[in-house]
Structures are given as C-alpha cells and as structure tokens.
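Worksheet: one structure, shown below.
The values are calculated or read from the model by the stated rules, or taken from the named source; none is laboratory data. In this text, all values refer to a predicted model and were calculated from it rather than measured experimentally. Don't worry about glycine lacking a Cβ; one is built from the backbone with ideal geometry, like all the others, and counts go over all protein chains shown. Surface areas here come from the heavy atoms of the whole protein model, side chains and all, with no ligands, DNA or RNA. Shrake-Rupley method; radii C 1.70, N 1.55, O 1.52, S 1.80 Å.
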Amino acid sequence: MISSEDLKTKPIPKHVAIIMDGNGRWAKQRNKPRIEGHTQGATALRSVLEGCIETGIEYLTVYAFSIENWHRSPVEVGGLMNLFIKSCHTEIDNLNRNNIRFRAIGKLDMLDSECYQELKRTEEKTKNNEALQLVVALSYGSRWEIAHAAKQIAKAAEEHRLNSEQVDEQLFANYLSTHFMPDPDLLIRTSGEYRISNYLLWQLAYTELYFTDVLWPDFSKEELYKAIADYQTRERRFGKTSEQIYDVSK
Ligand code: IPE
Ligand code: IPE
Ligand code: MG
C-alpha cells in the first residue's frame, strides 16, 4: 500500500477536485435505494479528507450535486438535501478537530432555506480553520457560473465600476465562485465515466485528469493515494516543451 510518507517525497497536488460519481450504481448492485449509495458516499468523503490532511493537500473541491441533478426524482433530491443537512450536523466536530474549513459553491439560492442556513452555519463555524479547505459544489454548474460571472462584469461596466479594457483572464477568474483558490492540479472522476459533466470548465484548463472504475462509495484514502501517485508520474508542460521544463536556459 502507498503511504503518505512515500507520496510526500514528490510534489503533492495543492488542489484536488473530485467528481464523486457512481453512488446510484453502487446501491443498485446491492438492491438498495439510491439514497443508500449517497449515504455511503459521505463515508467515503470522510476517508478522503483524512488522506488530504495526511498528505498536505490544501484544497479539496467535490462535486456533490449539479444544477442538472435538480431534474432527478423528488425522492432522490429530497433525500440528498436531507443528507447535506444531516452531514453538516454530524461532521462539524470532525471538521473543527481536523482544522478543515468548509465552503459551499454553486447556485445556492435554489436550495431550500433549511439546507441553505445549515451550509452557511457550517461555513461560519469553520471559517478560522486553515489546514484544508473543503469546497462542496452543490447546485453547481460551470456554464451557470461562467454566465453569472459575465453578468456581474457587464453590470459593473454599466455602473462604471470597471471598463471593458480591464477585462482579462485574471479579472474574469476573480468573478468565479472559485476566486479564492488556485486552479485544480488533479481531477478525479470515479465510476468509469470519462466526462466533465459541467464541472469547473474554466478552472480545469491545465489540470491532470484521473479516471477510475471504482464507484464513489468504495473510494477511500487508499484510492486517493493511488491517484496522487499517478499524478506524480505526469509531466506538466503548460504549453512548453519538455526541454524547457527541465532546462530553464532554453
Ligand atoms: C453521484 O452518483 C452523486 C450525484 C450525482 C448526486 P450518481 O447518483 O450519479 O450515481 P450513478 O451515476 O447513478 O451510479
Ligand atoms: C456529475 O454526475 C455530478 C455529480 C457527481 C454531483 P452525474 O451522474 O450527474 O453526471 P452524468 O449525468 O453522468 O454526466
Ligand atoms: Mg452519476
């Protein structure tokens, strides 16, 4: 088994993003209702958080519920909302004990007020923690986020708070809900699906991608370590050549 000490001899990704997929299939394989897959998924996340702390990852952004997921059945959506509320309650001590700051990003005004209040309360109660930032993307869609940023920029221009000449990549990124983090270094998607599904489209421009067949409820700290070990074999060139990366004089 890979240990965190082994991993720490090489660069650790600062920001890991995860598309936590496969909960429904995990439940189906066991003839259980889908919500049981989601509940088990919350346990997997706890193990991954432990792995992040042990390796020194600074930001973990997890896709918990997409804007498109609102189209699922009311039973599943209601079950997920209850799970988010319950998890905020049960995990708060764990977050504080491990010095983890919690944040939610997404179109949060679509949530019912109980869920919204609970998320805000968890953000408030963990705001001074600094070992790791756990960012939960919830009611999140990247196209929504980008359109929303464009709208805010247009509004600022209309109100003469900025002019069009100032709009560049950095300014645009500052209007996204991820403005407080660097872009992800590593993206993990579970359950054997090879797509992005409207997640962090802007931010993933140069992220290393890792796909695994493991269903999210079976994912764990050990699986995270495998993904990090794989990441450590990659050469990140950002458009340059290999020679330029290794020899700064070129
Ligand atoms: C991911 O698991 C969690 C959410 C999208 C809320 P799924 O519920 O999509 O599980 P599968 O893909 O149907 O197995
Ligand atoms: C992406 O999974 C969203 C989350 C994991 C929250 P989906 O299961 O909704 O994605 P598609 O529909 O298979 O692309
Ligand atoms: Mg899915």
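Give the number of residues within the range 200-221 that are away from ligand 1 (no atom under 13 Å from the Cβ), outside any strand (DSSP E or B) and surrounded by 15 or more Cβ atoms within 10 Å (Cβ to Cβ). Spell out the reasoning first.
Filtering the range 200-221 down to residues away from ligand 1 (no atom under 13 Å from the Cβ) leaves 200-212, 220-221.
Among the residues that remain, those that are also outside any strand (DSSP E or B) are: 200-207, 212, 220-221.
The next check asks that each one be surrounded by 15 or more Cβ atoms within 10 Å (Cβ to Cβ); those that pass are 200, 202-204, 207, 212, 220-221.
Number satisfying all stated conditions: 8.
Go over the candidates K120, K86, K107 one by one and state the one that is more than 16 Å from ligand 3 (Cβ to nearest atom), more than 16 Å from the chain's Cα centre (by Cα) and either under 29 Å from G192 (Cα atoms) or open to solvent by less than 60 Å² (accessible area, probe 1.4 Å) (or both).
On the way: K120 fails: either under 29 Å from G192 (Cα atoms) or open to solvent by less than 60 Å² (accessible area, probe 1.4 Å) (or both); K107 fails: more than 16 Å from the chain's Cα centre (by Cα).
After applying the criteria, what remains is K86.
Pick from the range 5-39 the residues that are in a loop (DSSP other than H, G, I, E, B) and under 13 Å from the mean Cα position of the chain (by Cα): which of them is farthest from T190 (Cα to Cα)?
It comes out as K14.
Working only within the range 224-235, note down all residues that are over 15 Å from T207 (Cβ atoms) and under 16 Å from the mean Cα position of the chain (by Cα). I'd like the intermediate steps shown before the answer.
Going residue by residue through the range 224-235, those that are over 15 Å from T207 (Cβ atoms) are 224-226, 229, 233.
Result: L224, single match.
Scan the range 41-61 and give yes if some residue there is farther than 18 Å from E130 by Cα, within 10 Å of ligand 1 (Cβ to nearest atom) and open to solvent by 30 Å² or more (accessible area, probe 1.4 Å), otherwise no. Full working, then the answer.
Step one: list which residues in the range 41-61 are farther than 18 Å from E130 by Cα, which gives 41-45, 47.
From what's left, within 10 Å of ligand 1 (Cβ to nearest atom): 41.
Now narrow it down to the ones that are open to solvent by 30 Å² or more (accessible area, probe 1.4 Å): none.
The answer is no; no qualifying residue exists.
Considering each residue of the range 93-108, count those that are more than 15 Å from V136 (Cα to Cα) and of a type outside the set (K, R), and give that number. Give the derivation first.
Taking the range 93-108 and keeping what is more than 15 Å from V136 (Cα to Cα), we get 93-94, 96-99.
From what is left, the residues that are of a type outside the set (K, R) are 93-94, 96, 98-99.
So the count comes out to 5.
Count, please, the residues in the range 28-38 that happen to be more than 8 Å from ligand 1 (Cβ to nearest atom) and open to solvent by less than 60 Å² (accessible area, probe 1.4 Å). Explain how you work it out, then say what you get.
Within the range 28-38, the first condition is being more than 8 Å from ligand 1 (Cβ to nearest atom), and the residues that meet it are 29-33, 35-36.
Of the ones still in play, those that are also open to solvent by less than 60 Å² (accessible area, probe 1.4 Å) are 35.
Looking only at that region, the number is 1.
Just to verify a result, which residue in the range 135-175, among those that are open to solvent by 50 Å² or more (accessible area, probe 1.4 Å), among the polar types (S, T, N, Q) and part of a helix (DSSP H, G or I), is nearest to L49 (Cα to Cα)?
The selected residue is N174.
In the set S191, S197, which member is crowded, with 19+ Cβ neighbours inside 10 Å and either in a loop (DSSP other than H, G, I, E, B) or away from ligand 1 (no atom under 13 Å from the Cβ) (or both)?
S191
Taking the range 104-134 on its own, how many of its residues are part of a strand (DSSP E or B), touching a helix residue (DSSP H, G or I) at 6+ places or on another chain (Cβ under 7 Å) and touching a residue at least 40 places away in the same chain (Cβ under 8 Å)?
Quick first cut of the range 104-134, residues part of a strand (DSSP E or B) only: 104-105, 132-134.
Now narrow it down to the ones that are touching a helix residue (DSSP H, G or I) at 6+ places or on another chain (Cβ under 7 Å): 104, 132, 134.
Within this subset, residues satisfying the condition of being touching a residue at least 40 places away in the same chain (Cβ under 8 Å) are 132, 134.
Number satisfying all stated conditions: 2.
Can you tell me how many residues within the range 9-22 are open to solvent by 20 Å² or more (accessible area, probe 1.4 Å) and either farther than 13 Å from L83 by Cβ or in contact with a Pro (Cβ under 8 Å, 6 or more places away or on another chain) (or both)?
Narrowing the range 9-22 to residues open to solvent by 20 Å² or more (accessible area, probe 1.4 Å): 9-12, 14, 20-21.
Add one more test, that the residue is either farther than 13 Å from L83 by Cβ or in contact with a Pro (Cβ under 8 Å, 6 or more places away or on another chain) (or both), and what stays is 9-12, 14, 21.
The qualifying residues number 6.
Condition first: in contact with a Gly (Cβ under 7 Å, 6 or more places away or on another chain) and either basic (K, R) or within 16 Å of ligand 3 (Cβ to nearest atom) (or both). Now tell me which residues in the range 9-37 satisfy that.
If we filter the range 9-37 for residues that are in contact with a Gly (Cβ under 7 Å, 6 or more places away or on another chain), which is where we start, we get 12, 20, 23-24, 26-27, 34-35, 37.
Selection gives M20, N23, G24, W26, A27, R34, I35, G37.
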